[in-house]
């Protein structure tokens, strides 16, 4: 059935088969966007209470944003960018180099290693949070910078999950890069490190970007690990900071929280919209392939 | 083609899985043959970089080894030595090329994932938690220290309050003309370079002497401060006024030979009860206990302790119900939208898709908090505006709270299902639909017999993965309802919407006392269940691949 036939569709048939789809679309969009519009309105309200936010866009001021920047919020942004950024870059590098090893070298224990990673993948690291807490508690006595209440320690904890979650994804992509490329480079005298950094990594750059983005969003959305590792107000990430800021004081601090939510969600929303093609592509590729 | 530089070629080929040979060759020429640097020089540069990085790692590692040795943490020390030896071996060996690429990730994986999982298993067989944190020796010392009284007719010591480099308070006393200084953490030690003026310590190297005003300001901290001597039996010094110290000794004495503690005031003897506490004959125990293995007690307690088993079983049932309903509701709503908008006559499909993806991109924690505000009983938008001031207890009634959780998760989760089902729908060949149409199948029949089965083949593994994810969806539960409303009368803070992972968190950190042993046992149960679910999903994938 040619698509033009539908586009040309008119009259009763259009009303019967197509019109309701637009109605559903309107409802769906209101449903999806409403909470976000509400937060935006709350962040611009003057009173900044939960009750005061119930009339959408009653007034538009920047009071809440000014109040937000009197808190530790700017420091939380820096922390989130540093922790999330370092974790994302290191995750990509470590997972990519592991995938390179599995994809390009034949060594004893290769099959075993792949199976092992597949098994590890099944057990979320987050579940071991008590042991992580106790491990960092005793590490604090040895090297304070790797112990509780240290941002570096949190990064190390996140990196513990780097291989398990991403190696397999990358392994598949690395296998799709033809081996003839490496072989030709090898004949030209390139070593394995050169082949990895200058050929393979460049060819799979979009995958690396998506893994980095997902890793960043992952650290951004983590409360349980960040919440038990970080304790001082000035060391928190945005999520933990905002969640603790509003805990028990929903009504009084609603506007400031909304401002924080808007500022931190907007960059992520934009990233998703711009990278939509890759993310949707990745998700559907997974689904179609099974 | 000839003018194209390496980067362009790489970019152009990267999107597609299989680059065309011409472009690939260009990429390769550009990447490999750039410039005139010879292979040998290139090697030298790489080697230098490697040397510097390894030197840094070795220096840091040795620092960790040294500090572990200083504080006597043999486990950390041994682990670090092994890591350093293996690192140097792998990176200086000419072989082990795969090892060079695997090593960094594996180290983090071993320490922060595998070790912690094994450690969780170990803790689940102990009574680790509040009152049972340390070794038996530490417990003896802590009990002795907690039960100290001023020794009658004891000598008094001229005392000066000082503060250490990190601001911690300490005492400097004069004992037989010599100055001793110590803090709560650090037993008294000689301070030969301290100066004494008019019978008072006026200066101690490494410490600041507090002024009278500062002493007044921190009166409470100072009167509760205890600075011990090296030997626990010698007791400690405390002060009431910040200028005179008195010797305190414990009313308890520890007998090494019998391993018992005796209260010298009352004569009561406390013996090791085998469960990590000192217990008197009347059943009372000393406050501080220690860590011992308790076998499977933490596991059996969940099912046999009547105060625990009720809440635990209801949490278990709700966890499965929640995960299943989450997947089912989001899948069908996503599928409905996918079918509605996956029609060639609908214009603006890309705009619709971009807008519907919004909840998926909105950070989950913040979304949970926003919905908690929207559903607030007295001030929330839903009750106040949409329902005209009805005070419906969305988050505080057990069943409505469950409904709210499912509802919020529907908002968060349907875009993902919408995306994957749209992709899967587009992958179904239109031939089958035409065949069905020729055979005279109606829309309902086509959906049931063609769309849904074909869709399931590709989507089923993702549904299982989604189930496993929701099984541990801590953020949603914790930020929308905090697991509440709580069951009354339970020894742990647990509520109607708690799922297993939020229950573990609550038992470990938020139930007044920290019960790490019990919480770890629950975490191990989750590990087993999640492992089973993932394994089922994995098998499902394999089976489907065979079918295809």
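The values are calculated or read from the model by the stated rules, or taken from the named source; none is laboratory data. Owing to the predicted nature of the structure, the values given are computational and were not obtained by experimental measurement. Glycine also receives a Cβ, built like all others from the backbone with ideal geometry; neighbour counts cover every protein chain displayed.
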Residues that are surrounded by 15 or more Cβ atoms within 10 Å (Cβ to Cβ), at the interface with chain B (Cβ under 8 Å from one of its Cβ atoms) and at pLDDT 90 or above: find the helices (runs of 4 or more DSSP H) completely inside the stretch A:1-107 holding 1 or more of those.
A:19-44, A:73-104
Those residues of the stretch A:181-200 which are assigned to a helix (DSSP H, G or I) and either closer than 16 Å to residue B:100 by Cβ or more than 8 Å from every other protein chain (Cβ to nearest Cβ) (or both) amount to A:182, A:183, A:186, A:187, A:192, A:193, A:194, A:195, A:196, A:197, A:200
Please go through the stretch A:234-265 and pick out each residue that is over 22 Å from the mean Cα position of the chain (by Cα), over 12 Å from residue A:71 (Cβ atoms) and surrounded by fewer than 22 Cβ atoms within 10 Å (Cβ to Cβ).
A:247, A:248, A:249, A:250, A:251, A:252
Within the stretch B:61-115, of all residues that are under 27 Å from the mean Cα position of the chain (by Cα) and outside any helix (DSSP H, G or I), the one nearest to residue A:109 (Cα to Cα) is B:73
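From the list B:98, B:145, which residue is surrounded by 17 or more Cβ atoms within 10 Å (Cβ to Cβ), closer than 21 Å to residue A:117 by Cβ and in contact with a helix residue (DSSP H, G or I) (Cβ under 8 Å, 6 or more places away or on another chain)?
B:98
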Could you tell me which of the residues A:148, A:118, A:134, A:139 is closer than 30 Å to residue B:523 by Cα and part of a loop (DSSP other than H, G, I, E, B)?
A:148
Picking from B:368, B:389, B:334, B:373, the residue that is surrounded by fewer than 19 Cβ atoms within 10 Å (Cβ to Cβ) and either under 34 Å from the mean Cα position of the chain (by Cα) or farther than 26 Å from residue A:25 by Cα (or both) would be B:389
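Could you pull out every one of the helices (runs of 4 or more DSSP H) wholly within the stretch B:394-511 that has 2 or more residues that are free of Cβ contacts under 8 Å to residues at least 60 places away in the same chain, touching a helix residue (DSSP H, G or I) at 6+ places or on another chain (Cβ under 6 Å) and within 27 Å of residue B:366 (Cβ to Cβ)?
Numbers: elements: B:398-427, B:430-438, B:443-446, B:452-471, B:474-480, B:500-505.
It comes to B:500-505.
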Kindly list the number of the only condition in (1) in contact (Cβ under 8 Å) with a residue 40 or more places away in the chain; (2) more than 30 Å from residue A:199 (Cα to Cα); (3) part of a helix (DSSP H, G or I); (4) within 9 Å of another protein chain (Cβ to nearest Cβ) that fails for residue A:127.
(1)
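In this structure, does residue B:122 turn out to be more than 31 Å from the chain's Cα centre (by Cα), surrounded by fewer than 18 Cβ atoms within 10 Å (Cβ to Cβ), part of a helix (DSSP H, G or I) and within 14 Å of another protein chain (Cβ to nearest Cβ)?
Against the criterion (more than 31 Å from the chain's Cα centre (by Cα), surrounded by fewer than 18 Cβ atoms within 10 Å (Cβ to Cβ), part of a helix (DSSP H, G or I) and within 14 Å of another protein chain (Cβ to nearest Cβ)), residue B:122 does not qualify.
Residue check: is residue A:110 out of contact with any strand residue (DSSP E or B) (no Cβ under 9 Å at 6 or more places or on another chain) and either under 30 Å from residue A:260 (Cβ atoms) or in contact (Cβ under 8 Å) with a residue 60 or more places away in the chain (or both)?
No; evaluated as a whole, the condition is false for this residue.
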Residue under question is residue B:173, and the condition is that it be within 14 Å of another protein chain (Cβ to nearest Cβ) and either at pLDDT 85 or above or buried (at least 17 other Cβ atoms within 10 Å of the Cβ) (or both); does it hold?
no
Of the criteria (1) in a helix (DSSP H, G or I); (2) more than 25 Å from the chain's Cα centre (by Cα); (3) facing another protein chain (nearest Cβ under 8 Å), which one residue A:112 fails:
(3)
Which residue, of A:117, A:148, A:159, A:135, is in contact (Cβ under 8 Å) with a residue 24 or more places away in the chain, crowded, with 20+ Cβ neighbours inside 10 Å and farther than 24 Å from residue A:238 by Cβ?
A:117
Considering only the stretch B:58-68, how many residues are surrounded by 12 or more Cβ atoms within 10 Å (Cβ to Cβ) and either out of contact with any helix residue (DSSP H, G or I) (no Cβ under 6 Å at 6 or more places or on another chain) or modelled with pLDDT of 95 or more (or both)?
5
Boolean, residue B:269 is modelled with pLDDT under 90 and surrounded by fewer than 16 Cβ atoms within 10 Å (Cβ to Cβ)
yes
If a residue must be in contact with a helix residue (DSSP H, G or I) (Cβ under 6 Å, 6 or more places away or on another chain) and either at pLDDT below 90 or more than 7 Å from chain A (Cβ to nearest Cβ) (or both), how many such residues does the stretch B:330-342 contain?
7
Taking the criterion of being at pLDDT 90 or above and closer than 30 Å to residue A:200 by Cα, would at least one residue in the stretch B:72-81 satisfy it?
no
If you go through the stretch B:48-58 one residue at a time, do you hit one that is more than 23 Å from residue A:195 (Cα to Cα) and touching a strand residue (DSSP E or B) at 6+ places or on another chain (Cβ under 6 Å)?
no
Being in contact (Cβ under 8 Å) with a residue 40 or more places away in the chain and in a loop (DSSP other than H, G, I, E, B) is true for just one of B:165, B:192, B:158. Which residue is that?
B:165
